[in-house]
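Quick notes on the structure that follows.
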Amino acid sequence: MTGLSEYSRTAALEMVAGDPGLLTELLGVFLADVPARLRLMENAAAAQDLATLMHEAHAIKGACGTIAAMGNLQHMQALEHAARNNNGEAVAELWVESLEQMHLLLQDLHLDYEALRHTHHP
């Protein structure tokens, strides 16, 4: 899939042994879970709550791995690392970039989820 993010349906399908039904399910879970986690991260960033940022970045990093969103995984990994090291300046910088990349990913995933859902679950 060509979109705004680095997400690739081909790579994501490889993660689930080519099972479009399983990918559809994983995308649905991702889309249901990650926006709430991003809101928690926004609040934590505003409050400079590095522990919450670290925890949520770790959770989102894992979710990105399940759908082969490796660029986003790397953004979250860097953010998690900066928060763990109490590097507030790096966290602030990484947060802005990570949030932008996550919003692009969510847009692409929503489109792909709808396409898969209509193709494989009429």
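General remarks:
- Condition met for ILE67 (closer than 20 Å to LEU99 by Cβ, in contact (Cβ under 8 Å) with a residue 60 or more places away in the chain, out of contact with any Cys (no Cβ under 8 Å at 6 or more places or on another chain) and buried (at least 18 other Cβ atoms within 10 Å of the Cβ)): yes
- Close pairs from the range 87-105: first over 16 Å from ASP49 (Cβ atoms), partner of a type in the set (A, V, I, L, M, F, W, C), Cβ under 7 Å, at least 6 apart: MET102/LEU38; LEU104/LEU4; LEU105/ALA69
- Condition check for GLU25: more than 13 Å from the chain's Cα centre (by Cα), at pLDDT 95 or above and part of a helix (DSSP H, G or I): yes
- Subset tally (residues that are of a type in the set (Val, Ile, Thr) and loosely packed, with under 15 Cβ neighbours inside 10 Å) for the range 70-106: 1
The values are calculated or read from the model by the stated rules, or taken from the named source; none is laboratory data. The model shown is predicted, which means the values in this text are computed figures rather than measured ones. We place every Cβ from the backbone using ideal geometry, glycine too, and count neighbours over all the protein chains shown.
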